[in-house]
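> Take a look at this one; I'll ask things after.
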Amino acid sequence: QKEVEQDPGPLSVPEGAIVSLNCTYSNSAFQYFMWYRQYSRKGPELLMYTYSSGNKEDGRFTAQVDKSSKYISLFIRDSQPSDSATYLCATLILTGGGNKLTFGTGTQLKVEL
Amino acid sequence: EAQVTQNPRYLITVTGKKLTVTCSQNMNHEYMSWYRQDPGLGLRQIYYSMNVEVTDKGDVPEGYKVSRKEKRNFPLILESPSPNQTSLYFCASSTRAAETQYFGPGTRLLVL
């Protein structure tokens, strides 16, 4: 079993829709939870990260973590064609010897006009 | 402009021919790492470096070498490339805390 599981999609939605992207993780030691966005032929870029359970909002994006169920979500409101990309969830453990970042496989999103 | 650069961006080579992919960052970051990205497997860490002369294995280090002689540079070396190393490679850097990783543009490698 992978430490971080993510549905690969593809997910196709009409412009303006609310998008829900989800991941589950298995290691309760994970401390940080991130969402990266990766456009085609580009490197991933960090969208948001959160440390605790609950919601964190940034514009049209809301990251949600439920540590009790080991569930990570990213919601995109009023989705735009420019949101079409692959979204990667990631978890981080901070250790003295090296910080361990583990990625999900990514969900491909297409927002259509 | 703060950035991570990688060279080359595209590379076709043959089995056994040693190659080096360079990575450089201009943000004075302590932490650098290499990942490979494969369909269905996502991003997997190859090696990372906490600082100059400090490197350690990630999840898939076999067949790769790295060095960190300067803070800004972290080259990835394939001493004897094999076809199963055909992949998309990303270099990343961050502060020590690593909450925010800055990724390079990627190097697409094909080993024949």
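Computed from the coordinates by the stated procedures, all read-outs in this text should not be read as laboratory data. The shown structure was predicted, so the numbers you read here are calculated from the model rather than taken from an experiment. Note that each Cβ is placed from the backbone with ideal geometry, even for glycine, and that neighbours are counted across all protein chains shown.
> What is the diffusion coefficient of the protein assembly as shown in µm²/s, taking the Kirkwood radius over Cα pairs and the Stokes-Einstein relation at 4 °C with a viscosity of 1.567 mPa s?
The diffusion coefficient I find is 72 µm²/s.
> Within the range B:1-33, whose backbone N sits under 14 Å from a point 7 Å along Cα→Cβ of B:N51?
Counting backbone N atoms under 14 Å from the label point, the list is B:29-32.
> List B:V14, A:V65, A:V111 from most exposed to least, where exposure is judged by having the fewest other Cβ atoms within 10 Å.
Sorted ascending by nearby Cβ count, the order is B:V14, A:V111, A:V65.
> Within the range A:45-66, list the residues whose amide N lies under 16 Å from a label point set 7 Å along Cα→Cβ of A:N27.
Under 16 Å, as judged by backbone N against the label point of A:N27, lies no residue of the range A:45-66.
> Summarise the long-distance tail of P(r) for chain B by giving the % of C-alpha pairs beyond 23 Å.
Roughly 20 percent, once rounded to a whole number.
> Expressed in nm to one decimal, what extension gain is obtained for the pair B:T95 and B:K69 from 0.36 nm per residue of sequence separation less their Cα-Cα distance?
Extending this stretch completely gives an extra 7.6 nm.
> First select every other residue whose beta carbon is under 11 angstrom from the beta carbon of B:N26; then total the charges, Lys and Arg +1, Asp and Glu -1.
Once all neighbours under 11 Å are counted, the net charge is +1.
> So for chain A, averaging the separation of alpha carbon pairs under 8 Å that are six or more residues apart and normalising by length, what relative contact order in percent results?
It comes to 37 percent, rounded to a whole number.
> To make sure I understand, if each residue's beta carbon is the centre and we count other beta carbons within 10 Å, what order do A:I72, B:I77, B:I46 fall in, fewest to most?
Final ranking by Cβ density, sparse to dense: B:I77, B:I46, A:I72.
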